[in-house]
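I have placed the structure first, in the form of structure tokens, so that the comments after it can refer back to it.
The values are calculated or read from the model by the stated rules, or taken from the named source; none is laboratory data. Values in this document were obtained by computation on a predicted structure and should not be read as measured data. FYI the Cβ positions are ideal-geometry reconstructions off the backbone, even for glycines, and counts take in every protein chain you see.
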Amino acid sequence: MRQLVLGFLVMLSFNAMAQNPFIGTVKYTITDADGNENGVVTIHSDGTNFHCQELVGEFSLATLELPEQRSEFMLVTFLGRQLALATPAEKFNIRSIPESMHTAPANAVLGLNCKQTVCAEGVVTYSPDYLLNYRLLPAVPGLPVEFEVKSDLGTRKYTISEIDHTQPEATIFSLPEGFTVVGSDELMNIFDGMTAE
């Protein structure tokens, strides 16, 4: 009985360690199907909120996710206008992290223990040392280290390139000054009006 209890406590402590929320900044390098680098993603996290900046060529897109406020904004700068496309609160759902399937050990990356698993996005390498439950990344029980995304634009591979555990400034998790909050219909009307000029 004693061994059973000790085993349970060890398992519980391992699960707790594996669920440490990631705090700091993590960067991913983006490569295309031919292996050419063509972008970077930077994610700031305070363990709950996220600010993500994606730069691909001349294209730049930022998202701001505030789970406790049930808010998410896509920050768009277009023809001199700064617009924040808001996700309606009733449609904002923090996605749950599913159990991984076919998990196997993987080589360490940047000093992190790594595993590989198969999920909806395909084969994903992740570290169970930290949890980064950011909705736009693969839903794995850890910090994604390497994964591929397939879309109409082709296959893009994301590989972690830098980790900084410094607590981000609190101001990065609020709407920047000068941005106007709009809904999707309003955003399309603005775009139509601006491009017609």
The range 174-188, residues that are assigned to a strand (DSSP E or B) and of a type outside the set (Val, Ile, Thr): none
Matching residues in the range 148-173 - criterion: being surrounded by fewer than 16 Cβ atoms within 10 Å (Cβ to Cβ), in contact (Cβ under 8 Å) with a residue 12 or more places away in the chain and either assigned to a loop (DSSP other than H, G, I, E, B) or aromatic (Phe, Trp, Tyr) (or both): 165, 166, 167
Test set (1) within 14 Å of residue 182 (Cα to Cα); (2) out of contact with any strand residue (DSSP E or B) (no Cβ under 8 Å at 6 or more places or on another chain); (3) among the polar types (S, T, N, Q) - residue 69 fails condition number: (1)
The range 76-85 - residue that is assigned to a strand (DSSP E or B) and in contact with a helix residue (DSSP H, G or I) (Cβ under 9 Å, 6 or more places away or on another chain) and, of those, farthest from residue 30 (Cα to Cα): 81
Among residues of the range 44-73, those that are crowded, with 16+ Cβ neighbours inside 10 Å and aliphatic (A, V, I, L, M), counted: 3
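If a residue must be assigned to a loop (DSSP other than H, G, I, E, B) and at pLDDT 90 or above, how many such residues does the range 37-75 contain?
Start the filter on the range 37-75 by keeping residues that are assigned to a loop (DSSP other than H, G, I, E, B), which leaves 47-49, 57-58, 70.
Keeping just the survivors that are at pLDDT 90 or above gives 47-49.
Number satisfying all stated conditions: 3.
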Unmet requirement for residue 145, which otherwise passes all of (1) β-branched (Val, Ile, Thr); (2) free of Cβ contacts under 8 Å to residues at least 40 places away in the same chain; (3) surrounded by fewer than 16 Cβ atoms within 10 Å (Cβ to Cβ): (3)
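To keep it simple, each residue is scored yes or no on (1) under 21 Å from residue 51 (Cα atoms); (2) among the acidic types (Asp, Glu); (3) under 15 Å from the mean Cα position of the chain (by Cα).
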{"position": "135", "(1), (2), (3)": "yes, no, yes"}
{"position": "151", "(1), (2), (3)": "no, no, no"}
{"position": "161", "(1), (2), (3)": "yes, no, yes"}
{"position": "179", "(1), (2), (3)": "yes, no, no"}
Residues within the range 44-84 that are farther than 24 Å from residue 166 by Cβ, among the small types (Gly, Ala, Ser) and either out of contact with any Asp or Glu (no Cβ under 9 Å at 6 or more places or on another chain) or free of Cβ contacts under 8 Å to residues at least 12 places away in the same chain (or both), tallied: 3
Selection status of residue 41, surrounded by fewer than 16 Cβ atoms within 10 Å (Cβ to Cβ), of a type in the set (Val, Ile, Thr) and out of contact with any Pro (no Cβ under 7 Å at 6 or more places or on another chain): no
Residue that is modelled with the highest pLDDT [pool: residues in the range 76-90 that are closer than 13 Å to residue 183 by Cα and not hydrophobic (A, V, I, L, M, F, W, C)]: 87
